[in-house]
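Asker: Structure below; questions to follow.
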Amino acid sequence: LRGLGIDNAVVELDGPEMPIMDGSSAAFVAAIEQVGLRKLSAARRYVRIKKTVRVDQGNAWCELRPFDGCRFDVTIDFDAEVIGRQRLVLDLTPDSFRDELSRARTFGSVQDVEKLWSMGFALGSSLENSVAISEGRVLNPEGTRWPDEFARHKALDAVGDLALAGLPILGLYRSYKGGHKM
């Protein structure tokens, strides 16, 4: 919703969590575009970043900085060679969200998901809804959707996490090794 610029919607779920679909938000974007949007006459409110706010955790960090617009600058740096260091800088608009972020799938190592399975979590995880990494390679037969799909998915996560602020953010979000916890 935030990526498409929607800030006045009612969402009803009939289950314990959102369905994972293919591990991206593309199906939700397609469904929203199919029903269409209506512009309301009420003025839109924003959270404007007026000074830099930063969170550090070890060598990971994220920050919000003043910026005239909504920009994401996300850098990831994984030990796994297949991911490595990737950076994505994107001005968030409905078009850039649809074309550049919405199809980025969640990802993880087979070893990590096996631990989650043993605890009763991520039971629906499969090659159809996530990019699986094992022994230094991507296991999905089709590979990744972009060479930097991992950074794109981290940016997609950040859009969703920052949506929890309740209003669209006018500012620059930067991160290095950021994640949901940060």
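The values are calculated or read from the model by the stated rules, or taken from the named source; none is laboratory data. Keep in mind it's a predicted model, so treat the numbers as computed, not measured. Note: ideal-geometry Cβ built from the backbone for every residue, glycine included; neighbour counts use all protein chains shown. Please note that ligands, DNA and RNA were not included when accessible areas were found on the heavy atoms of the full protein model with its side chains. Shrake-Rupley method; radii C 1.70, N 1.55, O 1.52, S 1.80 Å.
Asker: If we keep just the residues of the stretch 122-144 that are open to solvent by 30 Å² or more (accessible area, probe 1.4 Å) and more than 20 Å from the chain's Cα centre (by Cα), which is modelled with the lowest pLDDT?
Answerer: That would be LEU123.
Asker: Just checking, how many residues over the stretch 1-22 are surrounded by 10 or more Cβ atoms within 10 Å (Cβ to Cβ) and aliphatic (A, V, I, L, M)?
Answerer: Counting residues in the stretch 1-22 that are surrounded by 10 or more Cβ atoms within 10 Å (Cβ to Cβ) and aliphatic (A, V, I, L, M) gives 6.
Asker: For the stretch 24-65: of the residues being among the polar types (S, T, N, Q) and not in a strand (DSSP E or B), which is surrounded by the most Cβ atoms within 10 Å (Cβ to Cβ)? Break it down stepwise before answering.
Answerer: Going through the stretch 24-65, the residues among the polar types (S, T, N, Q) turn out to be 24-25, 34, 41, 52, 57, 59.
From what is left, the residues that are not in a strand (DSSP E or B) are 24-25, 34, 41, 52, 59.
Values: SER24: 22, SER25: 25, GLN34: 7, SER41: 4, THR52: 12, ASN59: 8.
Looking at residues that are among the polar types (S, T, N, Q) and not in a strand (DSSP E or B), I get SER25.
Asker: Which condition does ALA163 not pass, out of (1) surrounded by 15 or more Cβ atoms within 10 Å (Cβ to Cβ); (2) in contact (Cβ under 8 Å) with a residue 40 or more places away in the chain; (3) touching a helix residue (DSSP H, G or I) at 6+ places or on another chain (Cβ under 9 Å); (4) not hydroxyl-bearing (Ser, Thr, Tyr), if it passes all the others?
Answerer: (3)
Asker: Restricting attention to the stretch 10-29, report how many residues are touching a helix residue (DSSP H, G or I) at 6+ places or on another chain (Cβ under 9 Å) and under 18 Å from PHE97 (Cα atoms).
Answerer: Residues of the stretch 10-29 that are touching a helix residue (DSSP H, G or I) at 6+ places or on another chain (Cβ under 9 Å), as a first pass: 18-19, 21, 23-26, 29.
Filter again for under 18 Å from PHE97 (Cα atoms), leaving 21, 23-26, 29.
Number of matching residues: 6.
Asker: What pairs can you find where one residue is in the stretch 81-95 and free of Cβ contacts under 8 Å to residues at least 12 places away in the same chain, the other is open to solvent by 60 Å² or more (accessible area, probe 1.4 Å), and their Cβ atoms are less than 8 Å apart, with a gap of 6+ or different chains?
Answerer: Matching pairs, first to second residue: GLY84/PHE78; ARG85/PHE78.
Asker: Follow-up question, since we're still on this one. Hey, could you check the stretch 122-144 for residues that are of a type in the set (Val, Ile, Thr) and touching a residue at least 40 places away in the same chain (Cβ under 8 Å) and say which is nearest to ALA27 (Cα to Cα)?
Answerer: Of the residues in the stretch 122-144, the ones of a type in the set (Val, Ile, Thr) are 131, 133, 138, 144.
Then keep just the ones that are touching a residue at least 40 places away in the same chain (Cβ under 8 Å); that gives 131, 133, 138.
Working: VAL131: 17, ILE133: 23, VAL138: 23 Å.
Filtering first and then ranking leaves VAL131.
Asker: List, please: which pairs have Cβ atoms under 9 Å, are six or more places apart or on different chains, and start with a residue in the stretch 46-62 that is over 20 Å from ALA163 (Cα atoms) and end with one that is surrounded by 13 or more Cβ atoms within 10 Å (Cβ to Cβ) and of a type in the set (Lys, Arg)?
Answerer: GLN57/LYS177; GLY58/LYS177; ASN59/LYS177; ALA60/LYS177
Asker: With respect to ARG103, is the statement that it is among the charged types (D, E, K, R) and touching a residue at least 60 places away in the same chain (Cβ under 8 Å) true? Even if it seems obvious, please write down each step before you answer.
Answerer: Details: among the charged types (D, E, K, R): yes; touching a residue at least 60 places away in the same chain (Cβ under 8 Å): yes.
Yes; evaluated as a whole, the condition is true for this residue.
Asker: Continuing with this model, one more query. Name the one entry in ASP73, ASP68 that is of a type in the set (D, E, K, R), farther than 30 Å from GLY124 by Cα and open to solvent by 90 Å² or more (accessible area, probe 1.4 Å). Spell out how you get there, then give the answer.
Answerer: On the way: ASP73 fails: open to solvent by 90 Å² or more (accessible area, probe 1.4 Å).
ASP68 is the lone residue from the list that is of a type in the set (D, E, K, R), farther than 30 Å from GLY124 by Cα and open to solvent by 90 Å² or more (accessible area, probe 1.4 Å).
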